[in-house]
1. Which one of the conditions (1) modelled with pLDDT under 85; (2) touching a Ser or Thr at 6+ places or on another chain (Cβ under 6 Å); (3) in a strand (DSSP E or B) does PHE157 fail to meet, given that it meets all the rest?
2. Name the residues in segment 30-76 that are loosely packed, with under 15 Cβ neighbours inside 10 Å, outside any loop (DSSP other than H, G, I, E, B) and among the aromatic types (Phe, Trp, Tyr), would you?
3. Enumerate the pairs (first residue in segment 33-44 and under 21 Å from THR127 (Cα atoms); second residue anywhere and of a type in the set (Phe, Trp, Tyr) and not in a strand (DSSP E or B)) with beta-carbon separation below 8 Å, excluding pairs fewer than 6 apart on the same chain, so at least 6 apart or on different chains.
4. Being part of a loop (DSSP other than H, G, I, E, B) and modelled with pLDDT of 85 or more is the filter here, so list the residues in segment 170-182 that pass it.
5. Given (1) surrounded by fewer than 16 Cβ atoms within 10 Å (Cβ to Cβ); (2) touching a helix residue (DSSP H, G or I) at 6+ places or on another chain (Cβ under 9 Å); (3) at pLDDT below 85, identify the lone condition not met by ALA83.
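The values are calculated or read from the model by the stated rules, or taken from the named source; none is laboratory data. For clarity, every value in this text was computed on a predicted model and none was experimentally measured. Note that we place each Cβ from the backbone using ideal geometry, even for glycine, and neighbour counts take in every protein chain shown.
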Amino acid sequence: MTKAWPVERSVSTLPITWTFNNESGLGPRYLTLGLRVSFAVAGYIVGCQYLQNTADTQPHGMSLYGPDFSLIQGAWFLPSTVAGGESPWAWKARRLRLAWRVEADTLYIFAVSFIGPIYASSSGYLTAADVTVGNVTIKQNDFTDSLGNGLFLYGVFNELPNDSAHNGTIYGIEPLFKPFDK
């Protein structure tokens, strides 16, 4: 019997209509997608979950950046196989070998990097308000700095996604969070 994995999910629980983007005309290249998140209590990021396409067979990277935009942690993992079924998309979870500690009420950038032109997004989802699920808050796109939310970076693998030209876009990625008390 498999033991349950007690983590809090956020993006995958929201009623989002996803757009599945295929920018294959640009050719395969590195793409990093990021979301600015905070946590109501201290705890750990124990992994990530992302919407994966059946055509996605490349390695992925996961990164956490601090409030000063410096890299705190990074990890690589191979994508898992996605069963075809009715949809070529499925949420896939990847667990870290060592959890990353995060503090309460601190703004982080959580990012997933991969090779390929295919990703899931919902444009403008973060323009109205913060989105909170449990202890995880995905921040609204109203920052006074130049980044905003709905971050991306083309061409460089596992670096800070520092372009928010798609302001307010939410991506099919999420940190898997475990509070200290669980």
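1. So PHE157 meets the others, but not (3).
2. Hit for segment 30-76 is TRP76, nothing else.
3. ARG36/PHE143
4. GLY172, PHE180 - these are the residues of segment 170-182 that are part of a loop (DSSP other than H, G, I, E, B) and modelled with pLDDT of 85 or more.
5. For ALA83, the failing item is (2).
To keep it simple, each residue is scored yes or no on (1) modelled with pLDDT of 85 or more; (2) over 16 Å from the mean Cα position of the chain (by Cα); (3) closer than 24 Å to ILE16 by Cβ.
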| site | (1), (2), (3) |
| --- | --- |
| TRP89 | no, no, yes |
| TYR108 | yes, no, yes |
| PHE114 | no, no, yes |
| SER122 | yes, no, yes |
| TYR125 | yes, no, yes |
| ALA129 | no, yes, yes |
